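What follows is calculated from the coordinates using simple rules that are stated; it is not laboratory data. This structure is a prediction, so every number in the text was calculated from the model and none was measured. In this analysis, Cβ positions are derived from the backbone assuming ideal geometry, glycine residues included, and neighbour counts consider all displayed protein chains.
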């Protein structure tokens, strides 16, 4: 075999080998490493779960309309309705997609409106929960307080008997 033929064969192998690596990279075989800071984002939900009045005492229910509705209809309804009334004006519908009608504050305690109220609370909580934050909001932040009061419920206690 001539020197030129050997050189061409080696060059061809290098091109094929390089192409194989490129194809593997494109197929996701090599994943870039990420630092913890890049993968963990501070959101209303992640930061609220670390609050002392929520951690180990309450659980997020904002993603479950059925849970919200059952509280509006159950034994905790008076307390939850009062919490909702307290923060209702701070639960703005701007940015919620798809657009949703916000029931009037006076409907929170109206029998037969539990579905409308729970639907709005569910959509609002989900919208706010995923919003990224640079740091924990001040306790005077109205959206922060509304999120903590409207979107969490007391954890059910487990019997040990």
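Summary table below
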item: Percent of C-alpha pairs per 10 Å bin, segment 63-115, short to long; result: 22, 56, 22, 0
item: Label-point gap, in nm, between residue 77 and residue 154 - each point 7 angstrom along Cα→Cβ; result: 1.8
item: Label-point separation in nm, residue 135 to residue 100, each point 7 Å along Cα→Cβ; result: 3.1
item: Residue 70-residue 143 pseudo-label distance in nm [points 7 Å out on the Cα-to-Cβ vector]; result: 3.0
item: Least to most buried among 121, 87, 78 (fewest other Cβ within 10 Å first); result: 78, 87, 121
